[in-house]
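Visitor: Quick one: the structure is below, and I'll ask about it shortly.
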There are 2 protein chains.
Amino acid sequence: MLRSLSHKTPSLLFNFNFNNLTSLRTTLTITQAFSSAVSPPSKAIVYDSHGQPDAVTKLVDIPGVKVKENDVCVKMLAAPINPSDINRIQGVYPVRPEPPAVGGYEGVGEVYSVGAAVTAFSPGDWVIPSPPSFGTWQTYIVKDQNVWHKVNKAVPMEYAATITVNPLTAFLMLEDCVTLNSGTAPLAAILVFLVGDAIVQNGATSMVGQCVIQLAKSRGIHNINIIRDRPGVDEVKERLKDLGADEVFTESELEVKNVKSLLGGIPEPALGFNCVGGNSASMVLKFLRQGGTMVTYGGMSKKPVTVSTSAFIFKELSLRGFWLQNWLSTDKAQEGRKMIDKLLGLVHDGKLKYKMELTPFDDFNTALDKALGKLGSQPKQVIKF
Amino acid sequence: MLRSLSHKTPSLLFNFNFNNLTSLRTTLTITQAFSSAVSPPSKAIVYDSHGQPDAVTKLVDIPGVKVKENDVCVKMLAAPINPSDINRIQGVYPVRPEPPAVGGYEGVGEVYSVGAAVTAFSPGDWVIPSPPSFGTWQTYIVKDQNVWHKVNKAVPMEYAATITVNPLTAFLMLEDCVTLNSGTAPLAAILVFLVGDAIVQNGATSMVGQCVIQLAKSRGIHNINIIRDRPGVDEVKERLKDLGADEVFTESELEVKNVKSLLGGIPEPALGFNCVGGNSASMVLKFLRQGGTMVTYGGMSKKPVTVSTSAFIFKELSLRGFWLQNWLSTDKAQEGRKMIDKLLGLVHDGKLKYKMELTPFDDFNTALDKALGKLGSQPKQVIKF
């Protein structure tokens, strides 16, 4: 009997047994003869066990599955390779499907066919799994209609494919962690500026970092950015300033006695974002004002965060984390979809952009090597199906 | 001209010029001849500059000062030597009087005389400065009546002298940081236990630590305690369990793969208190449940707190600090006094006790040496005037 892929909930595991592919293909032919509501066969990036992604992933043909009455069959258009996708394959991410599993967690597709009871979607619609859902690295996906969220087709597909994991993280960290005051333009009548609060972040060239800069800018919130020392640093600084960065410092530029002397007219930041750890996190802490908060959402250096006792007691700093997957696992799915629409609106209006590279699905291995950092610093890799 | 000691506000600095003591004594005699409302001369522990307390403090005679109409003159009975007192003398505490200054920050005294406009206090009343106020290591203090809070004379003076800095810290950390559910005894009718939340703390033998155990116990909150390895550890454990400790572990006993396996039936703690830092703080973090909070209020090991990225993101831990002096500097003075009355009520009822040693003022140097740790582990030193 055909063991169909389970698609009912976004967190459902991919439990297809790939050892039986040959016999399944035979079964599939029989099934298709009895039902017109079957998805086209799919090509998927699959891993049978946890390990290094370039060692354990392979391209696999998957037979079509039945499109039940509440299902939507989606032909995938694009899906990114995020660091968390890599961590899931490595088996080091706390929430992950058990192998064998299809890789990927977010992406955009076009509705190919719908089940008999589905009225909210039509073939040709662009949809994203929202909340994101395991297994987006495949050409066709069949899941319950509740999984899918229709998005504006007027944005580039690579933005629709990547709008959740990184931009939504940036958006929520700015909105939810601390109440920040926005700045205003001077009111002509009274000639008073309301000076906006400030934030500081490390890893500013990351996709979240680029989004934080633009979202802060659009809210009148000053932003101070820390990047690692690297070749071509001036060009990187210029690019971030073009996005709206107020200040960009390399870590070595911050080896001064009092980093706050570098702030100029910018207020001491109330909120800091850390995706690096180690010394870079300490730099964020140094910039924070009395009573400030640092939110950790990544640890690219693989070094822990170290905090002095006096920073807690006398500077009254608070430290916490942010994890989108946890935020979305609460009852906030609908709220999240509204935010995604807002973010895609900003993309559409040219107010939110970030560097990506579209790579054909056939060149998945190249995209993976780039995402793994084997080919030096590269833009976010987005697979185009 | 006599430069009188300034006593108007709790935070006012002690700005007496000790170089003029001789001439001042002459002036004092003259002043006394013209006014009956002058305090008796005082003996005080004074430091002229920041430095090691045993090197920079000295006993000084201070002439009496005028008791103005709203002033209360208090004959001090007892005052502790707290670690923060030592840090102020060393100049490493962020809020401190500028030298020359009288040491001490809390204590209890007996009203000696009152200004003409004072009706709330009478000679013989026991009072404490509340919020605490610099300069309690002297035999007579004259300050505005607003500084003083009348306390129950039925408690031992050493408890009235020490009730603010440590017990109030314990009380506020348990009340303010996280909403904890208290446990209840089983209701006979329905035979259901409401299992109380749990807390974990290091430095459990400290005065705050001893108070946390008893206050948690009285609220039906489980408490897990971490102490450093030391000789006579069994006796220390027994003593803490007598106070109400549910579990007491030495740091070496916690070098196991999963500390939570040691919890038995106690729920994973929602809240942790850290006054040590370093490895001992990491132990507190390990015990905390998903989404738990660690509050740092001291750093006895002089080592920083180190936190992994995943503890922030995946375990969703929050870290913050607590500083009583900051809490009291807000508009919470009256609230603080009510809590102090409550704490002294617990002392009176035998529900709050901690180890102290009363040392005569004449033996101040011995008390100081003990407080500085020169004579090994010693109980809290309280000067008896």
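The values are calculated or read from the model by the stated rules, or taken from the named source; none is laboratory data. Since the structure is predicted, the reported quantities are computational estimates derived from the model, not experimental observations. Cβ atoms come from the backbone with ideal geometry, glycine included; neighbour counts cover every protein chain shown. Surface accessibility is based on the protein's heavy atoms, side chains included, excluding ligands, DNA and RNA. Shrake-Rupley method; radii C 1.70, N 1.55, O 1.52, S 1.80 Å.
Visitor: What residues of the stretch B:86-114 lie in the reach of a label at residue A:260, counting those whose backbone N is under 15 Å from a point 7 Å from the Cα along Cα→Cβ?
Guide: The answer is B:94-95.
Visitor: Sticking with this one: What share of the DSSP beta bridges in the protein assembly as shown is antiparallel, in percent to the nearest 5?
Guide: Working: 65 of 114 bridges.
Expressed as a percentage, antiparallel bridges in the protein assembly as shown total about 55.
Visitor: Taking each residue of A:169-180 in turn, how many C-beta atoms of other protein chains fall within 10 Å of its C-beta, and what is the average?
Guide: Counting Cβ atoms of other protein chains within 10 Å of each residue's Cβ and averaging gives 0.
Visitor: Could you give, in nm with one decimal, how far residue A:175 is from each other copy of that position, shortest first, with labels 7 Å out from Cα toward Cβ?
Guide: Label-point distances to the other copies, shortest first: 3.6 nm.
Visitor: Across peptide B:298-305, what mean number of C-beta atoms from other chains lies inside 10 Å of a residue's C-beta?
Guide: Values: counts 3, 5, 1, 1, 2, 3, 9, 9.
Shielding by partners across B:298-305 averages 4.
Visitor: Quick one: with label points 7 Å out along Cα→Cβ, list the inter-copy distances for residue B:231 in nm, shortest first?
Guide: The answer, with the shortest distance listed first, is 6.3 nm.
Visitor: Something else now. Kindly flag which residue pairs out of A:332/A:355; A:217/A:315; A:303/B:286; B:43/B:370; A:58/A:370 have an alpha-carbon separation exceeding 25 Å in this structure.
Guide: Listed pairs above 25 Å: A:332/A:355; A:217/A:315.
Visitor: Also, quick follow-up: Roughly how many nanometres apart are two label points built 7 Å out from the Cα toward the Cβ at residue B:58 and residue A:152?
Guide: Rounded to a tenth, the inter-label distance reads 7.7 nm.
Visitor: Highest mean first, what order results for A:72-81, A:164-173 on Cβ atoms within 10 Å?
Guide: A:72-81, A:164-173
Visitor: Right, here's the next one. A plus B alone minus the pair: what accessible area, both sides summed, probe 1.4 Å, in Å² to 100? Intermediate results must be reported in sequence, preceding the final value.
Guide: Working: alone 17420 and 17420 Å², together 32850 Å².
In total, chains A and B hide about 2000 Å² from solvent.
Visitor: Restricting to Cα pairs below 8 Å that are 6+ residues apart, what does the relative contact order work out to for chain B? Please round to a whole percent.
Guide: Relative contact order here is 15 percent.
Visitor: Further question on the same structure: Measuring from label point to label point, each 7 Å out along Cα→Cβ, what is the residue B:252 to residue A:250 span in nm?
Guide: 4.8 nm
Visitor: Follow-up. Could you compute how much accessible surface residue A:57 exposes when probed at 1.4 Å, giving the result in Å² to the nearest 10?
Guide: Ignoring ligands and nucleic acids, residue A:57 comes out at about 20 Å².
Visitor: Could you tell me which of rounded, prolate or oblate describes the stretch A:168-325, using a ≥ b ≥ c as the square roots of the eigenvalues of the alpha-carbon gyration tensor, with rounded for a/c under 1.5 and, failing that, prolate when a/b is larger than b/c and oblate otherwise? Mind dumping the intermediate values first?
Guide: Values: a/c = 1.41, a/b = 1.24, b/c = 1.14.
Rounded.
Visitor: Could you check how much of the accessible area of the protein assembly as shown is carbon and sulfur, as a whole percent, using a 1.4 Å probe?
Guide: That fraction is 52 percent.
Visitor: Shielding by partners for B:92-99, please: the mean number of other protein chain Cβ atoms within 10 Å of each residue's Cβ.
Guide: Per residue, the average neighbour count from other chains is 1.
Visitor: Measuring label to label, 7 Å along Cα→Cβ, what does residue B:279 give against each other copy in nm, shortest first?
Guide: 2.7
Visitor: How many nm is it between the label spots at residue B:69 and residue A:122, if each spot is 7 Å from the Cα in line with the beta carbon?
Guide: My value for the distance between the label points is 8.7 nm.
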